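Reading through the structure tokens given below for one structure.
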Amino acid sequence: MTSHNALSPFIPIIPCSKPSAPVKMADRQVSLAEKRLMDVKLNQLGAWLGGRDFTPNGILSAIRRGHDRYYNKYINVKKGGIGGVAMLLVGYVAISYLWEYDHISKKYTLAYRACFISLHSCHS
Amino acid sequence: MTLSFFDQFMSPTYLGIPLIALALSLPWILYPKPTTRWLNNRLITLQGWFINRFTQQIFQPLSLGGHKWATLLASLMLFLITLNMLGLLPYTFTPTTQLSLNMAFAVPLWLATVIIGMRNQPTHALGHLLPEGTPTLLIPVLIIIETISLFIRPLALGVRLTANLTAGHLLIQLIATAAFVLLPLMPTVAILTAVLLFLLTLLEVAVAMIQAYVFVLLLSLYLQENV
């Protein structure tokens, strides 16, 4: 910043070193175990998994952090609509479907096949 | 074929964990804690409004001693209404269709109201066994009848909730199966059945809310008698 007023000879020159590139928060060095999954390189994946905390407390705190991230991004906003809760419910339906998959697939093979055969034979 | 319709009430396990564990923990996730801010987000505002209205409604006729039950009954209502409404989503499991869960809610809470009444005001609590103005000859019979009705209350509470929800889910599954099977054969009848299914689903939404409300209301009534 250059000052071109009459006082410029009297402004003391304070030696300050400007870094060659501006330092951002994202350049801070974190240990491998604390990195987010998307920042881990593929060959570091095994080491990352080994360093994570899989104790019950660790798992609970991970769930808590995930929940806080979701909540602050989608629900705790100024004009939050139905979307935040709706995404959660759709995810719940998807997980329930996954849970019940082999139970439901058995139903569709055995019982309904018998039902279709009996109904079609009545009407044909 | 009929047996397979009841399969929806057995919670399937995946990796050793039954689905009921996920279904029971979901209400915890859906209701965030109110913050210390003056203006919260829309979800917390709605939630707070609902809880305040409900608590005022239920606890208005209760005397001050019964107000200690406010947290318990409000959280019970929130839990039941969430479980019932979530059970209407496809592929989900409704824990309140299990008699064990509903009896586990009904029996301890009813017993608590009875014990509170017997401990604090035993004559008044026992006086409820005989309505005023009964003819003298009927007194022994009526006391026996009122005692039986007192002991049947927890059973009625639990079974009412279970039966309503189970019947609703079964009906939905039956009519949905009928509509699905009829579609290639008689499309008009299938469309009528689909309309019926839509109306039934609306009814089930109402039943889900009403049953939760009735459960908590009756408990507050029993509390009112005994406090």
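The values are calculated or read from the model by the stated rules, or taken from the named source; none is laboratory data. Please read these numbers as outputs of a predicted model, since none were measured by experiment. Cβ coordinates were reconstructed from backbone atoms using ideal geometry, including for glycine residues, and neighbour counts include every protein chain displayed. Ligands, DNA and RNA are stripped out before the accessible areas are found, and what is left, the full protein with its side chains, is counted by its heavy atoms. Shrake-Rupley method; radii C 1.70, N 1.55, O 1.52, S 1.80 Å.
Set side by side, the residues B:L24, B:L30 differ, and just one is touching a helix residue (DSSP H, G or I) at 6+ places or on another chain (Cβ under 9 Å) and within 10 Å of chain A (Cβ to nearest Cβ), which is B:L30.
Within segment B:207-227, residues that are under 19 Å from B:V107 (Cβ atoms) reach partners that are among the charged types (D, E, K, R) with beta carbons closer than 7 Å, at six or more positions or on different chains, in the pairs B:Y222/B:R153. Restricted to segment A:99-108, and to residues there that are open to solvent by 40 Å² or more (accessible area, probe 1.4 Å) and at the interface with another protein chain (Cβ under 7 Å from one of its Cβ atoms), the residue that is nearest to B:L43 (Cα to Cα) is A:H103. For segment A:75-87, filtered to residues that are facing chain B (nearest Cβ under 10 Å) and modelled with pLDDT of 85 or more, the residue that is surrounded by the most Cβ atoms within 10 Å (Cβ to Cβ) is A:G84.
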